[in-house]
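Data block below; observations after.
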């Protein structure tokens with residue numbers, strides 16, 4: 001059952017900002033780093049870099065936060081996406097401490113905490129087992145990563161807010177020998193497609209769902225998560 005509060009952020013009374021997503025990746029797996037680098041327009045992440053993705057409103061304020069983080073630490077800017085209501089930045093560095101310092105600098109400047117981020121909702125969690133050739137060709141044709149081969153199993157995840165799928169992808173790649181086919185970590189909903197042997201896809205799916213559930217559980221434990229009107233945040 002869908003969570004009615006998922007994807008909704010709340011504006012703190014002591015801050016003019018709203019935090020939609022905030023994720024910390026401790027060690028970016030090679031396939032994810034290479035996938036991001038394919039479409040990147042700023043500084044490509046290296047394999048096993050630590051990274052953060054942070055999404056807040058008002059959208060253009062993300063540039064002020066980028067400037068602050070770059071001046072305060074040695075992180076490199078990976079990507080920037082500005083949409084109607086939210087701006088998102090991704091930064092990385094080989095040292096986790098630098099990335100965490102950048103995160104803390106942004107949170108201090110915005111008056112936010114890590115628990116002000118929005119709850120997430122898993123919209124689709126599907127495994128296609130022993131995919132047929134025509135279907136495999138479709139996935140390969142829409143892929144920005146690897147090819148899907150007939151007979152493999154295919155994991156499809158859809159999540160809102162979209163950026164949370166980045167950490168789900170990373171944990172899945174840590175847990176199993178699978179191929180990253182497609183990842184869309186921005187927009188109204190995020191979409192992830194992976195393929196591989198059935199047992200490996202099962203392990204990847206388990207790891208991905210586990211970290212997503214953990215993120216929501218952390219909000220429940222700390223009384224976080226927003227409840228603002230989601231209709232304001234149409235893309």
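Checking the structure you have, find out if any residue of segment 169-185 is within 25 Å of residue 87 (Cα to Cα), part of a loop (DSSP other than H, G, I, E, B), outside the structural domain of residue 47 (by TED's automatic domain parsing) and at pLDDT below 95. It would help to see each step written out before you state the result.
Taking segment 169-185 as the starting set, the residues that turn out to be within 25 Å of residue 87 (Cα to Cα) are 169-171, 182-185.
Going one step further and asking which of them are part of a loop (DSSP other than H, G, I, E, B), we end up with 185.
The next check asks that each one be outside the structural domain of residue 47 (by TED's automatic domain parsing); those that pass are 185.
Filter once more, keeping what is at pLDDT below 95: 185.
The answer is yes, given that some residue of segment 169-185 is within 25 Å of residue 87 (Cα to Cα), part of a loop (DSSP other than H, G, I, E, B), outside the structural domain of residue 47 (by TED's automatic domain parsing) and at pLDDT below 95.
Is it the case that residue 191 is part of a loop (DSSP other than H, G, I, E, B), surrounded by fewer than 24 Cβ atoms within 10 Å (Cβ to Cβ) and under 17 Å from the mean Cα position of the chain (by Cα)? Full working, then the answer.
On the way: part of a loop (DSSP other than H, G, I, E, B): no; surrounded by fewer than 24 Cβ atoms within 10 Å (Cβ to Cβ): yes; under 17 Å from the mean Cα position of the chain (by Cα): yes.
Considered against the rule, which asks whether it is part of a loop (DSSP other than H, G, I, E, B), surrounded by fewer than 24 Cβ atoms within 10 Å (Cβ to Cβ) and under 17 Å from the mean Cα position of the chain (by Cα), residue 191 comes out as no.
Please count how many residues of segment 186-196 are modelled with pLDDT under 95 and in contact with a helix residue (DSSP H, G or I) (Cβ under 6 Å, 6 or more places away or on another chain).
1
Can we say residue 92 is at pLDDT 95 or above and surrounded by 23 or more Cβ atoms within 10 Å (Cβ to Cβ)? Working first, answer last.
Details: at pLDDT 95 or above: yes; surrounded by 23 or more Cβ atoms within 10 Å (Cβ to Cβ): yes.
Answer is yes for this residue.
For residue 170, state whether it is within 19 Å of residue 48 (Cα to Cα) and either buried (at least 22 other Cβ atoms within 10 Å of the Cβ) or in contact with a strand residue (DSSP E or B) (Cβ under 6 Å, 6 or more places away or on another chain) (or both).
Answer is yes for this residue.
Which of the residues belonging to segment 36-59 are surrounded by fewer than 20 Cβ atoms within 10 Å (Cβ to Cβ) and within 14 Å of residue 21 (Cα to Cα)?
We begin by selecting, within segment 36-59, every residue surrounded by fewer than 20 Cβ atoms within 10 Å (Cβ to Cβ); these are 37-44, 46-48, 58-59.
Passing the criteria: 58, 59.
Suppose we filter 152, 221, 158 for residues that are free of Cβ contacts under 8 Å to residues at least 40 places away in the same chain and surrounded by 14 or more Cβ atoms within 10 Å (Cβ to Cβ); which single one remains?
Numbers: 152 fails: free of Cβ contacts under 8 Å to residues at least 40 places away in the same chain; 221 fails: surrounded by 14 or more Cβ atoms within 10 Å (Cβ to Cβ).
Unique residue meeting the criteria: 158.
Looking at segment 122-164 only, could you name the residues that are out of contact with any helix residue (DSSP H, G or I) (no Cβ under 8 Å at 6 or more places or on another chain), farther than 10 Å from residue 194 by Cα and assigned to a helix (DSSP H, G or I)?
133, 134, 135, 136, 137, 138, 140, 141, listed by residue number.
Scan segment 1-54 for residues that are within 18 Å of residue 219 (Cα to Cα) and at pLDDT below 85 and jot them down.
2, 3, 4, 5, 6, 7, 8, 9, 10, 11, 12
Can you report the number of residues in segment 104-123 which are touching a residue at least 60 places away in the same chain (Cβ under 8 Å) and either within 27 Å of residue 157 (Cα to Cα) or more than 20 Å from the chain's Cα centre (by Cα) (or both)?
12
Condition test on residue 62, is it under 16 Å from residue 167 (Cβ atoms), buried (at least 16 other Cβ atoms within 10 Å of the Cβ) and touching a strand residue (DSSP E or B) at 6+ places or on another chain (Cβ under 6 Å)?
Details: under 16 Å from residue 167 (Cβ atoms): no; buried (at least 16 other Cβ atoms within 10 Å of the Cβ): yes; touching a strand residue (DSSP E or B) at 6+ places or on another chain (Cβ under 6 Å): yes.
Considered against the rule, which asks whether it is under 16 Å from residue 167 (Cβ atoms), buried (at least 16 other Cβ atoms within 10 Å of the Cβ) and touching a strand residue (DSSP E or B) at 6+ places or on another chain (Cβ under 6 Å), residue 62 comes out as no.
Please identify the pairs in which a residue from segment 29-50 that is at positive phi has its Cβ atom under 6 Å from the Cβ atom of a residue that is outside any helix (DSSP H, G or I) and modelled with pLDDT of 95 or more, counting only partners at least 6 apart or on another chain.
48/27
From the set of residues in segment 124-135 that are surrounded by 13 or more Cβ atoms within 10 Å (Cβ to Cβ) and touching a residue at least 24 places away in the same chain (Cβ under 8 Å), which is nearest to residue 201 (Cα to Cα)?
As a first pass, look at segment 124-135 and keep what is surrounded by 13 or more Cβ atoms within 10 Å (Cβ to Cβ): 125, 127-128, 131, 135.
Filter again for touching a residue at least 24 places away in the same chain (Cβ under 8 Å), leaving 125, 127-128, 131.
Values: 125: 12, 127: 8, 128: 10, 131: 12 Å.
Applying the filter and picking the extreme gives 127.
The values are calculated or read from the model by the stated rules, or taken from the named source; none is laboratory data. None of these values were measured; they are calculated from a predicted model. We place every Cβ from the backbone using ideal geometry, glycine too, and count neighbours over all the protein chains shown.
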